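Asker: If you scroll down you'll find the structure; I have some questions about it.
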Amino acid sequence: MSRKLPILLFTLTMILVLAACGSKTGTTGSGSTTGTTGEASTGTELSGSVLAVGSTALQPLVDQVAQKFMADSKYANISVQVQGGGSGTGLTQVSEGQANIGNSDVFAEEKLDADKAKELVDHQVAVVAIATVANEAAGVTNLTKQQLIDIFTGKVKNWKDVGGKDQAIVIVNRPSSSGTRATYEKFALGQKVEDLAGSIQEDSSGTVKKLVTETPGAIGYLALSYLDDSLKAIQYDGVDANVENVESGKYPVWAYEHMYTKGEPDAATKALLDYMLTDEVQNGDVKDLGYISISGMQVKRDVDGKITK
């Protein structure tokens, strides 16, 4: 028995050592899991609410991306609310601290005082092309710049005078605060126009689409993202309003889509803005909805409208 005792003691010692090692291994494993959980929880610790207000031309994209963003577990504690109202409204609200993001089709300098515009940080997330649209009763597929000027200034009142049917023209325009209107006037008409008696004024792009589709003789303008088989784009000086022509600079009626913040954004807002620029969004949602990815542009345009390759 005395000879067996050392063997028993040695065996017991080895069991205890192995048990201890097993315990340490378990702790390490648990530490790794905790580390992984910690990283996940770091993502979910990001919380807050983001209010994005402004451009109705940009609204479909921000709406769709916001839903995907909130569905991502990393951003589960961030709520995003998207509202329209027009670019001018968005820029004013973000400037006054009433919104986290001001969505705009135009540079802030075009709508705000210089001092207020300087306080805003520009985040360009896409390019939008604006197309002229007309009710099928108009009977036209192409309009020149001069013909558009004549229509929107009231010089031409019937479609037959620009090669269309004998049908009175009904103008569906946007309010003065609209970034879509500013873009259209600047790059399609080359001038600002007055609101004409009898014209319809509507800021919501969805409503503009409905009005032009259903009103005989109606003419308006919409972002490409709103076009489908029910409403076709009118050529501008013989050039189709499509992605390829915008990217190359051949089609001139386009603008950057801006998401402005007042100063640098807070963590929740920055997370959304960063998400907007991911490859998934730029090559997916942006293109699927008829916008143009920033990276696809072969030309650049500054606040004065100057184009460079």
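The values are calculated or read from the model by the stated rules, or taken from the named source; none is laboratory data. Quick caveat: nothing in here was measured; it's all calculated off a predicted structure. Here Cβ is always computed from backbone atoms with ideal geometry, including for glycine, and neighbour counts include all displayed protein chains. Only protein heavy atoms, including side chains, enter the accessible area calculation; ligands, DNA and RNA are left aside. Shrake-Rupley method; radii C 1.70, N 1.55, O 1.52, S 1.80 Å.
Asker: 222 nm [θ] for the chain, helices only, -39500 (n - 2.57) per DSSP H run of 4+, per residue, to 500? Mind showing how you got there, number by number?
Answerer: Details: 9 runs with 108 residues, N = 309.
Rounded to the nearest 500, it is -11000 deg cm²/dmol.
Asker: Can you give me the solvent accessible area of Lys186 with a 1.4 Å probe, rounded to the nearest 10 Å²?
Answerer: Accessible area of Lys186: about 80 Å².
Asker: Helix 59-71 against the longest principal axis of the chain: what's the angle in degrees, Cα atoms only, rounded to the nearest 10?
Answerer: 10 degrees
Asker: What is the percent carbon and sulfur in the accessible area of the chain, measuring with a 1.4 Å probe over the protein chains and ignoring ligands?
Answerer: Numbers: 8050 of 15210 Å².
Whole-percent figure for carbon plus sulfur exposure: 53.
Asker: Now a separate question. What accessible area per residue, rounded to a whole number of Å², is obtained for the chain using a probe radius of 1.4 Å?
Answerer: On the way: 15210 Å² over 309 residues.
Dividing the accessible area of the chain by its residue count gives 49 Å².
Asker: What are the aspartates and glutamates whose alpha-carbon lies under 12 Å from the alpha-carbon of Lys157, with same-chain residues fewer than 8 places away excluded?
Answerer: Asp166
Asker: Can I ask one more? Heavy atoms only, probe 1.4 angstrom, no DNA, RNA or ligands counted: give me Glu96, Glu185, Glu194 ranked by accessible area, highest first. Provide the component values of the computation, followed by the final result.
Answerer: Numbers: Glu96 100, Glu185 15, Glu194 145 Å².
From most accessible down to least: Glu194, Glu96, Glu185.
Asker: Any chance you could give the angle, 0 to 90 degrees and rounded to 10, that helix 4-44 forms with the longest Cα principal axis of the chain?
Answerer: 10 degrees
Asker: Now for a separate question. Could you tell me the largest-minus-smallest coordinate of the C-alpha atoms of region 208-286 on each of the three principal axes, in descending order and whole angstroms?
Answerer: Principal extents (Cα only, largest first): 49, 29, 24 Å.
Asker: Follow-up question, since we're still on this one. Over what distance in Å are the Cα centres of region 175-192 and region 87-126 separated?
Answerer: Region 175-192 and region 87-126 have Cα centres separated by 17 Å.
Asker: Percent of Cα-Cα pairs per 5 Å bin, from 0 to the last occupied bin, for region 164-257, please list those.
Answerer: 2, 12, 22, 26, 22, 12, 3, 0
Asker: For Ile294 and Glu45, what is the calculated FRET efficiency with R₀ set at 22 Å and r taken between the beta-carbons, to the nearest 0.05? The partial results should precede the final answer.
Answerer: On the way: r = 30 Å, r/R0 = 1.37.
Using R0 = 22 Å, I get an efficiency of 0.15.
Asker: Using the alpha carbon gyration tensor of the chain, what are the three equivalent-ellipsoid semi-axes (square root of 5 times each eigenvalue), largest first, in whole Å? Mind dumping the intermediate values first?
Answerer: Numbers: eigenvalues 696, 79, 52 Å².
Over the Cα atoms of the chain, the ellipsoid semi-axes are 59, 20, 16 Å.
Asker: When DSSP assigns beta bridges and you keep just the ones with both residues in the chain, what percent turn out antiparallel, to the nearest 5? Working shown, then result.
Answerer: Values: 23 of 40 bridges.
The antiparallel proportion sits near 60 percent.
Asker: How large is ³J(HN,Hα) for each residue in region 214-224, as worked out from phi by the Karplus curve 6.51 cos²θ - 1.76 cosθ + 1.60 (θ = phi - 60°), to whole Hz, x for Gly and Pro?
Answerer: 9, 9, x, x, 6, 9, x, 8, 9, 5, 4
Asker: Cut-off under 25 Å on the C-alpha distance; same-chain residues fewer than 8 positions from Lys270 excluded. Which lysines are left, in chain and number order?
Answerer: Here the lysines satisfying the reach criterion relative to Lys270 are Lys68, Lys74, Lys111, Lys116, Lys118, Lys262, Lys287, Lys300.
Asker: Hey, what do the phi angles of region 50-55 turn into as Karplus ³J(HN,Hα) couplings, whole Hz, using 6.51/-1.76/1.60 and θ = phi - 60°, x for Gly and Pro?
Answerer: Running phi through 6.51 cos²θ - 1.76 cosθ + 1.60 with θ = phi - 60° gives 10, 10, 10, 10, x, 3 Hz.
Asker: Mind running the shape call on region 241-309? Use the C-alpha gyration tensor, a ≥ b ≥ c as the square roots of the eigenvalues: rounded below 1.5 for a/c, prolate if a/b tops b/c, oblate otherwise. Show your work: numbers first, answer last.
Answerer: Working: a/c = 2.80, a/b = 1.48, b/c = 1.89.
Oblate, since a/c reaches 1.5 and b/c is not below a/b.
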